[in-house]
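The values are calculated or read from the model by the stated rules, or taken from the named source; none is laboratory data. Not measured: the values here are computed from a predicted model. When we count neighbours, we look across all protein chains shown, and the Cβ atoms used for this are built from the backbone with ideal geometry, even at glycine.
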């Protein structure tokens, strides 16, 4: 059996880093971890080929070679996924679809031959058994959650690793919280199911053996969902693993209560973590209560961010506008919080209701659902906001226009560099990243509108915090991407 593992193309998004990747001559941020894991779960004697359309094109020759196309993706990749399915159908190639996009919205893809939904550790073996017997069904789904201690090491050798800026691994699935707008618990449950420390080390060993020396993203929706096991087993294993490994830096996602545990932060830094994405959402307590973001309530959010930064972890933040409790003052309050926090990578989106969430069900009951959600920070929403769509859209555009303008962005970057403790990670400065310094000097320091801000920041960093100069340059490149991405998605 010959299998194409096809990953749809991302549009220009906040997290695609499309414009930043050009500085280091990479095509995509990370390979598709889900499909690489599926590759490891398929029979070993089958022939497999990965087509990540963010890296290479899908050709007619590829379609003619394959017996089946396995397609996975997220909601933001919907348009590309639809085109792939149409091409496969036209070529007479049978399709198998799974992953978050299809689990949530499989009814939109009538042309797909087989859906393998929810967690593939459970549903894929059922499909493969029926396929072998000649009676594969249209849809396989389950309400159970998989034991991920049995999940195999992803088949990273299917990916052309030189084309990616980072790799990714998964330690846990599930989140103990129940935010109204989030579909993580609908997909993966409330209990944090974990892999063993030995499993994670085996995955990292394989990446290292394949020659990887860059960053590794732990894709967990809440890395600290099981703090006890982290402290007792995983982080000590990672600290030991990194003793003779150069160049590997980790980053992940976590809830804001990470700031309450100094020991955990210290261990994460010792293990090689240098950045963490945190869902801040809003500085408004009423909005946090509305969406049941209880881990953010009754705390000084600004102080929590600063504590994480001072521990040696860069905070990347998620923010939302459009809660029912929001008033027009929320837009300036969001801007003020983002600037004071020094959160350089601040993702701001309008509230959207993913299928399967409590928010989606509430909006449906109230007759406030619009179209299907885009999954992108593109100034769209699939709900009717209480404050009115025009007011929300104008306020949202004002936030984005300000926080990523050179004046605000570089000011926030300087605030971050003052707070941030020097990380313990020893980076490997490869040739492309070395050249990125010169490319940024030309693109941002000579051609760019921000050239005055760029050189002033680099001079300040060189004299005040010289050890952070490579990070400062990297973040200026991120800012270039955010500005271009926001212009293309919001202005067309």
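The table for this structure:
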| read-out | value |
| --- | --- |
| Residue in the range 79-95 that is in contact (Cβ under 8 Å) with a residue 60 or more places away in the chain and farther than 28 Å from residue 130 by Cα present | yes |
| Flag for residue 272 being modelled with pLDDT under 95 and in the same structural domain as residue 172 (by TED's automatic domain parsing) | yes |
| Residue within the range 38-48 that is in contact with a strand residue (DSSP E or B) (Cβ under 6 Å, 6 or more places away or on another chain), part of a strand (DSSP E or B) and surrounded by fewer than 15 Cβ atoms within 10 Å (Cβ to Cβ) present | yes |
| Subset of the range 336-367 (residues that are on the phi < 0 side of the Ramachandran plot and surrounded by fewer than 17 Cβ atoms within 10 Å (Cβ to Cβ)) | 336, 340, 361, 362, 364, 365, 366 |
| Verdict on residue 239 being in the same structural domain as residue 276 (by TED's automatic domain parsing), in contact with a helix residue (DSSP H, G or I) (Cβ under 9 Å, 6 or more places away or on another chain), surrounded by fewer than 16 Cβ atoms within 10 Å (Cβ to Cβ) and within 14 Å of residue 273 (Cβ to Cβ) | yes |
| Boolean, residue 283 is surrounded by fewer than 20 Cβ atoms within 10 Å (Cβ to Cβ) and touching a helix residue (DSSP H, G or I) at 6+ places or on another chain (Cβ under 9 Å) | yes |
| Residues of the range 443-467 classified as part of a helix (DSSP H, G or I), touching a residue at least 40 places away in the same chain (Cβ under 8 Å) and crowded, with 19+ Cβ neighbours inside 10 Å, total | 5 |
| Residue within the range 292-311 that is buried (at least 22 other Cβ atoms within 10 Å of the Cβ), touching a residue at least 12 places away in the same chain (Cβ under 8 Å) and under 19 Å from the mean Cα position of the chain (by Cα) present | no |
